[in-house]
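**Student:** The following block contains the structure, expressed as structure tokens.
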There are 2 protein chains.
Amino acid sequence: MRVYRYEQNPLITPKDVKPLHEGFEVIGAFNAGIARLGDEIIMLLRVAERPPSDDVVRAPVFDPVHKRMVVLEFNRLDDRYDLKDPRAIVPRSAGEPAHLTSISYLRIARSPDGRHFQVDDHAFLYPETSLETFGLEDPRIAQIGDTYYITYSSVSENGVGVGLVSTRDFQNVVRHGLIFPPENKDTVLFPDRIGGKYYALHRPVPCSLGKPEIWIAESDNLLQWGNHRHLLGCRHGHWDSRRIGAGTVPIRTEMGWLELYHGADQQDRYCMGAVLLDLNDPGKVIARSEEPILLPEAAYERDGFFGNVVFSCGALVDGDVVRLYYGVADTSMACAELSLQEILRSLH
Amino acid sequence: MRVYRYEQNPLITPKDVKPLHEGFEVIGAFNAGIARLGDEIIMLLRVAERPPSDDVVRAPVFDPVHKRMVVLEFNRLDDRYDLKDPRAIVPRSAGEPAHLTSISYLRIARSPDGRHFQVDDHAFLYPETSLETFGLEDPRIAQIGDTYYITYSSVSENGVGVGLVSTRDFQNVVRHGLIFPPENKDTVLFPDRIGGKYYALHRPVPCSLGKPEIWIAESDNLLQWGNHRHLLGCRHGHWDSRRIGAGTVPIRTEMGWLELYHGADQQDRYCMGAVLLDLNDPGKVIARSEEPILLPEAAYERDGFFGNVVFSCGALVDGDVVRLYYGVADTSMACAELSLQEILRSLH
């Protein structure tokens, strides 16, 4: 697979983003949704900010009643908490919820050419409800008619579910609540009705039976979803053996709907691959990548907050050129161009 | 709380049910949904059947392609499998799915008086799809107009989700697919529209953040669901500290919607309690049981396949009398009468 990584990569790094919160540090500007708005290319970044941690470990939490951020403090020596994962504060007893050491929200970066981006000063979507107290993550943008529908992970002590908002101008936002309850993420909406119905790919995380795999659901109105079916599983011994999830909004081609999805292996290396779904029944898998179409090779993909990760939430397609925007190492954003026909030819 | 347990308890036990599968043993006839159909009381049992296990442990699995049951065999000495939970065969490596040692399906028992039941010879709802290969469990029946909507746990190697079927006569069934993806169970539909919308209580099982607690969702058509909200949490140190889930279809009272739900504590003792929801906005909790309204005390509730369990999937209400039907010890069915007013007065 020929992959042309932009010379400007990484396109956005944490140091390009001024923190919204006084005294906080931006530790990630990554896993962005992508859209065209007029002459601009809009990158909807997940920005992760963290308060300083020293003798105390701090957890930022949005208070939905008073509509403000509060910072909880945990003593590093307090053995009631497990702190070995730097991203989380996990109580050892059953009574208390876990907390995260950073909070994510969605913020726009704009570009005239898709290579040079300017980050907005303010948030586009910030926590607001009791289901967003730990933040908003990993947005995907589906343009349906003249409206952009944005799905994102809504994170709180009650779990990780999928939120939906819509906008026509990336200024005014209509909130539609949670469309999939916990535990679920990596949701993309198909950009057209198929046989009169809307479709979504989503990724439940079952606890007992089952694995983190890709499911499909249908809807009459985008807000309420049913007829959930299991679509695509992990493959033992492959690059996508441990967990998979939808990445880009599905791309309509003559051969079928092309979905570029992520897969992680037992070593937690995240790659991108492709699956082709039937044009008239997207619940039917036609073909799939044996090998990844993109894997973490560049230094900025291998090293970072969580290394060895390429993770796309959106692509722009012009003729045969797929501009795949993707988060690298849970830290920054990059872009690579691939050939649509070459991806399609590579599928089995 | 005054509780009048029927003298006939347990009303149905496994030995009252002839196995559907040659050579299998019925190990449970429990967690039944309940409805009135004409002059009859219908108990929709979860029947669990098991093939014999000796040197080999056997796992019954429905094959949705050939529409027949197959029985997989696992050598008891094969250390690739963890067999310490007699209900499951759990592979120690990541590549293979787990299996169950029994399969459940739904079967009707009929009664003229609610105390003496006769079990049908055939299944009412048997596995049919690739999402039901491990069985159907724990049905709830909501009568809406002249149609009965039945929600149940749909169990397969892909996870445990919530299936929906409808019937008018308990003979002809319309299947509506999975309304909630894994991991989810314990779903009850409200028997009326509220402010033009249908509502459901459901119980996701999140893996990372969150606990097995009660959520509420809304729908225009009963088939597609959205606006998921967290409704009711576990209470540390209480009888419902570890996991909770909806039990009966909500009962309309003058004070609000009365939901009789189950809660388990750290010792996995399952009790029934009550919560009162706002009549016009069932997403609002008005009051809740401090203490259980029913707890496992009788011998048939304490001893069985999984002891110390009372677990209701349905009640019939006549004036002040709540006839609470409930599974006992994951084995049999029982019924107790409680006073509606006494339950309401007990709430805080």
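The values are calculated or read from the model by the stated rules, or taken from the named source; none is laboratory data. All values derive from a computational prediction rather than experimental measurement. Note that we place each Cβ from the backbone using ideal geometry, even for glycine, and neighbour counts take in every protein chain shown. Areas reflect the complete protein model, heavy atoms only, side chains present, ligands, DNA and RNA absent. Shrake-Rupley method; radii C 1.70, N 1.55, O 1.52, S 1.80 Å.
**Student:** Taking 25 Å as the cut-off for C-alpha to C-alpha distance, list the pairs among A:Lys211/B:Lys211; A:Lys211/A:Lys284; A:Lys15/A:Lys67; B:Lys211/B:Lys284; A:Lys197/B:Lys197; A:Lys211/B:Lys284 that go past it.
**Tutor:** A:Lys15/A:Lys67; A:Lys211/B:Lys284
**Student:** Expressed as a rounded percentage, what relative contact order does the stretch B:137-245 have, with Cα pairs under 8 Å and six or more residues apart?
**Tutor:** So the answer I get is 17 percent.
**Student:** I would also like to ask the following. Ordered by packing density, taken as the mean number of other Cβ atoms within 10 Å over each peptide's residues, highest first, how do B:231-237, A:110-116 rank?
**Tutor:** The packing order, highest mean first, is B:231-237, A:110-116.
**Student:** Between B:Arg345 and B:Arg68, what is the spin-label point distance in nm, taking each point 7 Å from the Cα along the Cα→C-beta axis?
**Tutor:** In this crude spin-label approximation the distance works out to 6.1 nm.
**Student:** Show me, for the stretch B:146-157, the HN-Hα J-couplings you get by feeding each phi into the Karplus relation (A = 6.51, B = -1.76, C = 1.60, θ = phi - 60°), rounded to Hz, glycine and proline as x.
**Tutor:** Once rounded to whole Hz, the list reads 9, 10, 9, 9, 10, 9, 8, 7, 9, 10, 8, 5.
**Student:** Are there residues in the stretch A:147-167 whose accessible area shrinks by at least 40 Å² when all protein chains are included rather than the chain by itself, and which are they (probe 1.4 Å, ligands and nucleic acids not counted)?
**Tutor:** Those residues are A:Asn158.
**Student:** Helix-only mean residue ellipticity at 222 nm, the protein assembly as shown, DSSP H runs n ≥ 4 weighted -39,500 (n - 2.57), per residue, nearest 500. What is it?
**Tutor:** After summing the helix terms and dividing by the residues of the protein assembly as shown, the value is -500 deg cm²/dmol.
**Student:** So, one more: Using protein heavy atoms only (no ligands, DNA or RNA), what is the total accessible area buried between B and A, 1.4 Å probe, nearest 100 Å²?
**Tutor:** 3300
**Student:** If you don't mind, another one. Let me have the relative contact order for chain B, percent, based on Cα pairs under 8 Å that are six or more residues apart.
**Tutor:** 15
**Student:** Give the peptides B:120-132, A:192-204 in descending order of average Cβ contacts within 10 Å, highest first.
**Tutor:** Ranked by mean Cβ neighbours within 10 Å, highest first: A:192-204, B:120-132.
**Student:** Give me the net charge of A:Ser130's neighbourhood, meaning all other residues with Cβ under 10 Å from the Cβ of A:Ser130; Lys, Arg count +1, Asp, Glu -1.
**Tutor:** Local net charge: -3.
**Student:** Follow-up. What is the average number of partner chain Cβ atoms found within 10 Å of a Cβ in B:229-236?
**Tutor:** If you average over the peptide's residues, the count of other-chain Cβ atoms is 4.
**Student:** Apply the Karplus curve 6.51 cos²θ - 1.76 cosθ + 1.60, θ = phi - 60°, to the phi angles in the stretch B:196-205 and return the couplings in whole Hz, x for Gly and Pro.
**Tutor:** Result, ordered by residue: x, 10, 7, 10, 9, 9, 9, 9, x, 10 Hz.
**Student:** Which residues' amide hydrogens lie under 5 Å from the amide hydrogen of B:Ala287, considering only partners 5 or more residues apart or on another chain, with H built in the peptide plane?
**Tutor:** For B:Ala287, whose amide H was placed from the backbone, the distant partners under 5 Å are B:Leu276.
**Student:** For B:Ser93 and B:Asp268 in the same chain, what is the full-extension length gain: residue separation times 0.36 nm, less their Cα-Cα distance, in nm?
**Tutor:** 60.2 nm
**Student:** Using only alpha carbons, build the gyration tensor for the protein assembly as shown and give me the equivalent ellipsoid semi-axes, biggest first, whole Å.
**Tutor:** 45, 28, 24
**Student:** On average, how many beta carbons from a partner chain sit within 10 Å of the beta carbon of a residue in A:85-97?
**Tutor:** That works out to 2 on average.
**Student:** From the backbone phi of the stretch B:182-191, what are the Karplus-calculated ³J(HN,Hα) couplings (6.51 cos²θ - 1.76 cosθ + 1.60, θ = phi - 60°) in whole Hz, Gly and Pro given as x?
**Tutor:** With coefficients 6.51, -1.76 and 1.60, one gets x, 8, 7, 7, 6, 9, 10, 9, 5, x Hz.
**Student:** Kindly give Rg over Rh for the stretch B:273-348, based on alpha-carbon atoms, with the Kirkwood expression for the hydrodynamic radius.
**Tutor:** 1.02
**Student:** Looking at A:Gln143, A:Leu106, A:Ala48, which one has the Cα that reaches farthest to the positive end of the dipole of the stretch A:46-197 (charges on Cβ: Lys, Arg +1; Asp, Glu -1)?
**Tutor:** About the Cα centre, the residue reaching furthest to the positive side is A:Gln143.
**Student:** Over all residues in B:168-180, what is the mean tally of Cβ atoms on other chains that come within 10 Å of each residue's Cβ?
**Tutor:** Per residue, the average neighbour count from other chains is 2.
**Student:** Okay, next question. Residues of chain B: accessible area per residue at 1.4 Å, in Å²?
**Tutor:** Dividing the accessible area of chain B by its residue count gives 39 Å².
**Student:** Please provide three numbers in whole Å: the alpha-carbon extents of chain A along the principal axes, with the largest listed first.
**Tutor:** Principal-axis extents of the Cα atoms in chain A, largest first: 58, 44, 41 Å.
**Student:** Now a separate question. Could you tell me what percent of the accessible area of the protein assembly as shown is made up of carbon and sulfur, with a 1.4 Å probe and every protein chain present?
**Tutor:** Ligands and nucleic acids excluded, carbon and sulfur reach 47 percent.
**Student:** Please list, in order, the residues from the stretch A:242-282 whose amide nitrogen is less than 19 Å from a point placed 7 Å along the Cα→Cβ vector of A:Arg302.
**Tutor:** Within reach of a label on A:Arg302, which here means backbone N under 19 Å from a point 7 Å along Cα→Cβ, the stretch A:242-282 contributes A:265-272.
**Student:** So between B:Arg168 and B:Glu254, what do we pick up on full extension, going 0.36 nm a residue minus the alpha carbon distance?
**Tutor:** 28.1 nm
**Student:** Ok, one more. Ranked highest first by the average count of other Cβ atoms within 10 Å around their residues, in what order do A:31-42, A:86-97, A:175-186 fall?
**Tutor:** Ranked by mean Cβ neighbours within 10 Å, highest first: A:175-186, A:31-42, A:86-97.
**Student:** While we're here: Please state the charge dipole magnitude for the stretch A:4-345, taken about the Cα centre, from unit charges on C-beta atoms (+1 on K and R, -1 on D and E), reported in debye and rounded to the nearest 20.
**Tutor:** 460
**Student:** May I ask you to report, in nm to one decimal and beginning with the shortest, the distances from B:Asp320 to the same position in the other copies, taking label points 7 Å along Cα-to-Cβ?
**Tutor:** 8.3
**Student:** I need the calculated FRET efficiency for the pair B:Asp278 and B:Asp220, taking r as the beta carbon distance and R₀ as 25 Å, to the nearest 0.05.
**Tutor:** FRET efficiency, B:Asp278 to B:Asp220: 0.75.
**Student:** At 0.36 nm per residue, minus the direct Cα-Cα distance, what do A:Arg76 and A:Glu290 gain on full extension? Give it in nm, one decimal, please.
**Tutor:** Net length gain for the segment: 72.5 nm.
**Student:** How much space per residue, in cubic angstrom, does the convex hull of the C-alpha atoms of the stretch A:95-228 take up?
**Tutor:** Dividing the Cα hull volume of the stretch A:95-228 by its residues yields 146 Å³.
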